Amino acid sequence: MSKAIRIEQTGGPEVMRLVDHDPGAPGPGQLRIRNHAIGVNYIDVYFRTGAYPMPLPGGIGMEAAGVVEEVGEGVTGFAPGDRVAYAAGPPGAYAQVHNMPAKSVVALPESVDFESAAALMLKGMTVQYLFHRTVRLQPGQTILFHAAAGGVGLIAMQWARAIGVTVIGTAGSEEKAELARRHGCHHVILYRKEDIVERVREITNGAMVPVVYDSVGKDTFDASLAALAPFGTMVSFGASSGPVPPVPLTALRGTLYLTRPSLLAYAERREDLEAMANGLFEMVGSGKVRAIIERRMPLAEAAQAHRDLESRRTTGATLLQP
């Protein structure tokens, strides 16, 4: 019998339990995948707390890499033994074995190992759509990116450097600031000590920035809007500090744009999922982006992984080992 993390109710990390769980044979359109490495992401917290509703009892986790064990009826393009990765629903990746819709799974090239894939799929495809679809960045631009030393942030720093974009990043400590700099961040604002808006004004000589990428939410939202140049875009793609309160349209000052994108929406069509994954794998294969894995923890310690993530004590990626 295989093991999996399951939850019966929403709540804190303590609601997650390691139990015996065999998903059985894959249904029509599904693949049975034996996970070799599992990614931990903030979206998992949203599902655990109920911020993102899901049927209960159920599994949790969106991202993993492994090997196909069995192919369900009607599936083409995959065979037992194939190396694969995924970063989409339904939740349940915190498991030794997981049945996934084949339409949400991509083939993993030999150039990308299982751990790198589990650390990069969700976060890396997030950066891909943020930089190339939500707002198509151009060489020479200067952007503001919050949580520059976080799991998504460190990938974004490398990606921005590769395409010639200057990044102003925020971080909570000098140690995190130095980590962000090492991975391509040009200017770091220590948000606990410095005024974000004034520092952006100083760095840009008053021009401010055309786009802000904000996964922090409540604590940084107002500063993010204030840091935008006229006709700039505020990209709110997370809420690690809590949800943003209702915002009056007048906060956009008549010229600003506000969007709340999600990977699940951008990856809804199979061709878009494959394009994002291929774009990520190309960056990894070229050496321009690499996985920054901070820690590896047993599957049984998923609750502690969530505590660390929610406390903002982490940098880079955390992996669960099945």
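Against the criterion of being in contact with a Lys or Arg (Cβ under 6 Å, 6 or more places away or on another chain) and of a type in the set (Val, Ile, Thr), residue 84 does not qualify.
Scoring residue 281 on the criteria (1) surrounded by 19 or more Cβ atoms within 10 Å (Cβ to Cβ); (2) over 23 Å from residue 89 (Cα atoms); (3) not assigned by TED's automatic domain parsing to the domain that holds residue 159 leaves a single failure, condition (2). Flag not set for residue 104, criterion: modelled with pLDDT under 95 and not aliphatic (A, V, I, L, M). Just so you know, in the stretch 115-132 the residues that are among the polar types (S, T, N, Q) and touching a Leu at 6+ places or on another chain (Cβ under 6 Å) include one that is nearest to residue 148 (Cα to Cα), and it is 126.
Of the residues that make up the stretch 171-180, is at least one at positive phi, outside the structural domain of residue 91 (by TED's automatic domain parsing) and either among the charged types (D, E, K, R) or in contact with a strand residue (DSSP E or B) (Cβ under 8 Å, 6 or more places away or on another chain) (or both)? Working first, answer last.
Narrowing the stretch 171-180 to residues at positive phi: none.
No; the residues of the stretch 171-180 include none that is at positive phi, outside the structural domain of residue 91 (by TED's automatic domain parsing) and either among the charged types (D, E, K, R) or in contact with a strand residue (DSSP E or B) (Cβ under 8 Å, 6 or more places away or on another chain) (or both).
Counting only residues that are small (Gly, Ala, Ser), touching a residue at least 24 places away in the same chain (Cβ under 8 Å) and either surrounded by fewer than 20 Cβ atoms within 10 Å (Cβ to Cβ) or part of a strand (DSSP E or B) (or both), the stretch 77-100 holds 5 of them.
Conditions tested, residue by residue: (1) at pLDDT below 95; (2) in contact with a helix residue (DSSP H, G or I) (Cβ under 8 Å, 6 or more places away or on another chain); (3) aliphatic (A, V, I, L, M); (4) farther than 18 Å from residue 212 by Cβ.
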| position | (1), (2), (3), (4) |
| --- | --- |
| 232 | no, no, no, no |
| 238 | yes, yes, no, no |
| 256 | no, yes, yes, no |
| 259 | no, yes, no, no |
| 277 | no, yes, yes, yes |
| 280 | no, yes, yes, yes |
| 287 | yes, no, no, yes |
| 290 | yes, yes, no, yes |
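Residues in the stretch 116-152 that are assigned to a loop (DSSP other than H, G, I, E, B) and of a type in the set (Val, Ile, Thr): 135 alone.
Mind telling me which of the residues 161, 192, 199 ends up being of a type in the set (D, E, K, R), under 19 Å from the mean Cα position of the chain (by Cα) and outside the structural domain of residue 315 (by TED's automatic domain parsing)?
One residue alone meets the criteria, 161.
Reported count of residues in the stretch 13-45, each being without any contact (Cβ under 8 Å) to a residue 40 or more places away in the chain and not acidic (Asp, Glu), is 3.
Screening the stretch 1-40 for residues that are acidic (Asp, Glu) and over 25 Å from the mean Cα position of the chain (by Cα) and picking the one that is surrounded by the fewest Cβ atoms within 10 Å (Cβ to Cβ) gives 20.
Anything in the stretch 101-124 that is farther than 17 Å from residue 265 by Cβ, over 19 Å from the mean Cα position of the chain (by Cα) and touching a residue at least 60 places away in the same chain (Cβ under 8 Å)? List them, or say none. Passing the criteria: 102, 109, 111.
Residues considered: 66, 74. Of these, the only one that is part of a loop (DSSP other than H, G, I, E, B) and under 14 Å from residue 102 (Cα atoms) is 74. When only residues in the stretch 41-63 that are in a helix (DSSP H, G or I) and within 17 Å of the chain's Cα centre (by Cα) count, which is modelled with the lowest pLDDT? Only one residue tops the list, namely 42. Going by the structure shown, is residue 31 in a strand (DSSP E or B), at pLDDT 95 or above and over 23 Å from residue 301 (Cβ atoms)? So residue 31 fits the description; yes. In the condition set (1) aliphatic (A, V, I, L, M); (2) in contact with a helix residue (DSSP H, G or I) (Cβ under 6 Å, 6 or more places away or on another chain); (3) crowded, with 23+ Cβ neighbours inside 10 Å, residue 54 is compliant with all but (3). Filtering the stretch 162-181 to residues that are without any contact (Cβ under 8 Å) to a residue 40 or more places away in the chain and assigned to a loop (DSSP other than H, G, I, E, B) leaves 164, 165, 173.
The values are calculated or read from the model by the stated rules, or taken from the named source; none is laboratory data. Bear in mind the structure is a predicted one, so any value in this text is a computation, not a measurement. Don't worry about glycine lacking a Cβ; one is built from the backbone with ideal geometry, like all the others, and counts go over all protein chains shown.
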